[in-house]
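The values are calculated or read from the model by the stated rules, or taken from the named source; none is laboratory data. It should be emphasised that the depicted structure is a prediction, and the values quoted were computed from it without experimental measurement. Positions of Cβ are generated from backbone atoms using ideal geometry, with glycine treated the same way; all protein chains shown enter the neighbour counts. Note: areas computed on protein heavy atoms with side chains; ligands, DNA, RNA excluded. Shrake-Rupley method; radii C 1.70, N 1.55, O 1.52, S 1.80 Å.
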Amino acid sequence: MASHTLDSIPAGEPFQVTRVALAGVLGDRLVELGFTPGAPVQLLRRAPFGGPLQVQVRDFVLSLRRADARAIHTAQAIPANQAA
Amino acid sequence: MSATPEARSRPLEVALAGNPNTGKTTLFNALTGARAHVGNYPGITVERRVGTHEAHGVAWRVTDLPGCYSLSAHSPEEEIAHHALTGRTSDPVPDVVVVVVDAANLARNMLLLLQIAEIGRPVLVALNMMDAARREGIDIDVPALQRELGCLVVPMVAARGEGIEALNEAVAQVAANPALGQIAETVWPEPVVAAVAKARFVLGQFALNRPPESAGGVLWWLATDPEIADVEVPGLGAALLAAVPRPADPALDPRRLATVVRFARIDAILSRCVQRRIVTTSGRSERVDRVLLHPAFGAMLFILAMAGLFQAVFAGAQPAVDIVETAMGALSDLARTWLPDNLLRDVLIDGVLAGVSGTLVFLPQILMLFLGISLLEDSGYLARTAYLVDQLMARIGLPGKAFVPLLSAYACAVPAIMATRTMPDRRDRLLTIMVAPLMSCSARLPVYTLVTAAVFAHQAPVLGIFSLGGLVVTAMYALGFLLAIASAFVLRRTAIKGGGAPLLLEMPPYRWPRWRNVVRSLGDRAWVFITQTGTVIVALTVVLWALMTFPREGLDAGIKATRTAQAHALAGEPAQQTALAAIARDDAQVKLQNSIAGRIGRTIEPTIAPLGFDWRIGIGLVGSFAAREVLVPIMGQVFGRGSQADIDDRYAADVGKSMASAGALTPLKGLSLMVFFAIAMQCLSTLATIRRETNSWRWPVFAVVYLNSLAWLASFAVYQIGTRMGFA
Ligand SMILES: Nc1nc2c(ncn2[C@@H]2O[C@H](COP(=O)(O)OP(=O)(O)O)[C@@H](O)[C@H]2O)c(=O)[nH]1
Ligand SMILES: [Mg+2]
């Protein structure tokens, strides 16, 4: 399955986190906010003119800059009915 | 460890902990009612709320801990929360920690719950926002959750006061039996266990007050930045880093692994206790966001909202400001007639009362701005504004959250600096505070009027349509803005290094603001401003009054007597009155010129002469340190027009004309004066606010030095280049 970084996935489609490829405090913080492997994520929208992204991770909505989102790797989520 | 209620000699220590926006403060208010105190944690500006409550005959002392996502000390809030929970502050260690959890966002909220339980404090869960969870179709099996966690779980709707009784009961149970407040420790994988063992060895070598017992406590030390760990125990951070280095692949870092393992445990627990009835991709808030964050419509709405907020602060507060000024003016007139004419009366009226009035006049704008901010924040829109402008603000080197404070600084820097509280990163916030006074505030307008009416009003319109005065004033706004950008750029690389924190901003669901919360937070804000900033303003005003007053050398006694006799000899009451008033005015003029401020004005003349200012303007520069607009009545007094409390445009224009006819003001000198006032830090109240918000004198002093140097350089350039080019 191809890996996409969070800034490049299509808006409104269910994905899941595969890994956070960022060392240091910011990476720690992302993980503490719930970007752990397998967590459901969705890109909601991009602010105009290269502004931040609005993202849903688990049950809450967060905005983060595109450059930071580039460190979050995701994969297309497997729909529940096909998972079994 | 815990005493029975009868044996308890001190109140039960209850701490409310939780993620931001989970309803901690709402719960705190519901518990403590009006019996609360808002202050600051020592050394930093994170607010500290402590109150009392009583349940089942037991007195509680309740602390509303700052909201945080974890205990890893990435932010001052987290550090405080952790320190409070481990007894590293002067406060007693909490007997019971109520972890307030958003039922509609359980997974992320429970990370903090696990961390708090790991460090060994007795916990219980206030499962708040049950109404929101229900609306989103989330079913929570509370008994099952309680079984899985092993601690008590109390479902609540704090905003409606639901569940308070059950919470009282649960807290009493945990207080009586702390074992009820434990959660079984997470089973750590091998790399985490190994790292904990190594860290424990290092911790053992340092003389810690309270060496952590549990793995969770050790993990906190590990996750702490080396820098922060070093602050508390010099050398510890580096030693920990050496013992447990950060591996090249972050996924193998034991600190991060611990978080991943906690989340795995949480997911497992929740999968057994939580059912989603409706599986929608978009919640209620997302549907609102589709409109409010729409590329075109959202931008329009944003501009409207910000224009409304600005208008409210700039103009909406004006009637109340007028009332305060009139009332304080009447009060000091009254005091002047009632009190005997002596020095004590003068210091009371022109020092203390002027300072009190100089504090109170800011209240309407502060309340207006914070009313707006409370409504924006509680509704959830404030975080969206930061999202919308983040890119724009990034171009000028500041985060999106600096937008609202800087916008309000165009009305007044005092509320604007207070509004930087909404900024999470310390350095970003400091930077915003340092550049906010460059935004042209409304107190500069009387000064601009004084100059433009006197020297630019009769010039030919530029290109036949633009009045020169209008253009110059507009240029002052632009100058302040451009200098703010340049200063931010330079300061970021010099005095305030670093910062530029990542955005990572939670966008809370849209909610209707609750009036009780809004009113309460306005009350807190006003109280803190009056008691803490106000005292500094009063003290500084008294000092300035003394500078402008002593040594009280007026007209020569002989001359005064002769002129008085001449006045009395005049025919007719009105003529006599006019002559006597003229003597009083001249006396005041001479007194001011001979005062310490007057002498300073003379002494600094050589340094301000290259800017085109003579010593008389020098007095004005000293005096207007109280507030910029005070330049106008001081100049009125110095140039023999008399001073006037109500600074209207007519008066400002008249004073300007007197200055022009005395040769102190020419178009070039006027421009230089405007440039100086556009940049210089001349506002006691702003300084007092910076002191209060940064909790040190270092930053207000820095602001005075850097802004006034900048002002001097700019005016110097204007006047010298202008003179060389043949302007006068
Ligand atoms: N729907 C709902 N909203 C709540 C509840 N409790 C608090 N709120 C709202 O949630 C927002 C955040 O509350 P606040 O007490 O400031 O949270 P804090 O950041 O944890 O102190 C406010 O707008 C409250 O009115 C609740 O039980 N249900
Ligand atoms: Mg709060």
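Mind grabbing the base-10 log of I(q)/I(0) for the protein assembly as shown at q = 0.06, 0.08, 0.09 Å⁻¹? Debye formula, identical points on the C-alpha positions, no solvent, two decimal places.
Debye intensities relative to I(0), on a log10 scale: -0.47, -0.78, -0.93.
Roughly to the nearest percent, how much of the accessible area of chain A is carbon and sulfur, given a 1.4 Å probe?
On the way: 1990 of 3490 Å².
The C+S portion of the solvent-accessible surface of chain A is 57 percent.
Name the residues of region B:372-395, by number, that are at least 30 Å² less accessible with every protein chain in place than in the isolated chain; the surface is that of heavy atoms, probe 1.4 Å, without ligands or nucleic acids.
Listed in order, they are B:Tyr387, B:Asp390, B:Gln391.
Ignoring ligands, DNA and RNA, what accessible area per residue does region B:460-507 give at 1.4 Å, in Å²?
Values: 2500 Å² over 48 residues.
Here the per-residue accessible area is 52 Å².
Quick check on packing: order B:238-247, B:256-265, B:162-171 by the mean number of other C-beta atoms within 10 Å, highest mean leading. Mind showing how you got there, number by number?
Details: B:238-247: 15.9, B:256-265: 21.5, B:162-171: 18.7.
Taking the mean over residues of other Cβ atoms within 10 Å, the ranking is B:256-265, B:162-171, B:238-247.
With +1 on each Lys and Arg Cβ and -1 on each Asp and Glu Cβ, how big is the dipole of region B:12-181 about its Cα centre, in debye rounded to the nearest 20? Working shown, then result.
On the way: 12 positive and 19 negative charges, 43 e Å.
It comes to approximately 200 debye.
What does a probe at B:Leu241 reach in region B:481-507, counting residues whose amide N is under 20 Å from the point 7 Å along Cα→Cβ?
Only B:497-502 fall inside the zone, counting backbone N under 20 Å.
Just want to confirm a number: the relative contact order over region B:638-704, from Cα pairs under 8 angstrom separated by 6+ residues, in percent.
Values: 22 pairs, mean separation 13.7, N = 67.
Computed value for region B:638-704: 20 percent relative contact order.
Please give the residues from region B:243-263 for which the solvent-accessible area of heavy atoms, probe 1.4 Å, is smaller by at least 20 Å² with all protein chains in place than with the chain isolated.
B:Arg246, B:Pro250, B:Arg256, B:Thr259, B:Val260, B:Phe263
Counting only heavy atoms of the protein chains, get the accessible area per residue of region B:190-259 (1.4 Å probe) and round it to a whole Å² value. Intermediate values should be presented prior to the final figure.
Numbers: 3420 Å² over 70 residues.
Here the residues of region B:190-259 average 49 Å² of exposed surface.
Give, in whole angstrom and from largest to smallest, the semi-axes √(5λ) of the equivalent ellipsoid of chain B, with λ running over the eigenvalues of the Cα gyration tensor.
58, 28, 25
Just going by the charge dipole of region B:203-338, with Lys and Arg at +1 and Asp and Glu at -1 on Cβ, which of B:Ser332, B:Gln318, B:Val218 is farthest out on the positive end?
Highest projection toward the positive end goes to B:Val218.
In Å², rounded to the nearest 100, what is the total accessible surface buried by chains A and B against each other with a 1.4 Å probe?
Working: alone 5160 and 32330 Å², together 34200 Å².
Buried: approximately 3300 Å² between B and A.
Normalising by the residue count of region B:12-181, find the relative contact order in percent from Cα pairs under 8 Å and 6+ residues apart. Can you show the working numbers first?
Details: 335 pairs, mean separation 38.8, N = 170.
Rounded, it is 23 percent for region B:12-181.
Give the accessible surface of region B:12-181 per residue, rounded to a whole number of Å², with probe radius 1.4 Å and ligands, DNA and RNA excluded.
Numbers: 5070 Å² over 170 residues.
Normalised by residue count, the accessible surface of region B:12-181 is 30 Å².
Which of the lysines could be linked to B:Lys497 by a straight reach, that is with a Cα gap under 29 Å, when you skip same-chain ones fewer than 8 residues away?
Counting by Cα, and skipping residues close in sequence, B:Lys497 has these lysines nearby: B:Lys401.
Which parts of region B:91-108, residue by residue, lose 30 Å² or more of accessible area when the rest of the protein chains are there, as against the chain isolated (1.4 Å probe)?
B:Asn105, B:Arg108
Among B:Val414, B:Ile349, B:Phe297, whose Cα projects farthest towards the positive end of the dipole of chain B, with charges put on the beta-carbon of Lys, Arg (+1) and Asp, Glu (-1)?
Checked the options; the winner is B:Phe297.
If only Cα atoms are counted, what is the Rg of region B:190-259, and what is its Dmax, in Å?
Rg then Dmax for region B:190-259, in Å: 11.2, 34.
Taking only C-alpha pairs under 8 Å that are 6+ residues apart, what is the relative contact order of chain B in percent?
10 percent.
Leaving out ligands, DNA and RNA, what percent of the accessible area of chain B is carbon and sulfur, probe 1.4 Å? Kindly include the intermediate steps, with their values, before the conclusion.
Working: 19470 of 30710 Å².
Whole-percent figure for carbon plus sulfur exposure: 63.
Would you give the gap between the C-alpha center of region B:103-120 and the C-alpha center of region B:664-680, rounded to a whole Å?
59 Å
Please give the charge dipole size of the protein assembly as shown, origin at the Cα centre, charges +1 on K and R Cβ atoms and -1 on D and E Cβ atoms. Round to the nearest 20 debye. Numbers along the way, then the final one.
Working: 71 positive and 64 negative charges, 233 e Å.
Here the protein assembly as shown has a charge dipole of around 1120 debye.
Report the one residue of B:Thr533, B:Phe639, B:Asn29 whose Cα lies farthest in the direction of the positive end of the charge dipole of chain B (charges on C-beta: Lys and Arg +1, Asp and Glu -1; origin at the Cα centre).
B:Phe639
Using a ≥ b ≥ c from the Cα gyration tensor of region B:12-181 (square roots of the eigenvalues), is it rounded, prolate or oblate, where a/c under 1.5 gives rounded and otherwise the larger of a/b and b/c decides, a/b for prolate? Could you put the intermediate results ahead of the total?
Numbers: a/c = 1.38, a/b = 1.26, b/c = 1.10.
Judged from the Cα gyration tensor, region B:12-181 comes out rounded (a/c under 1.5).
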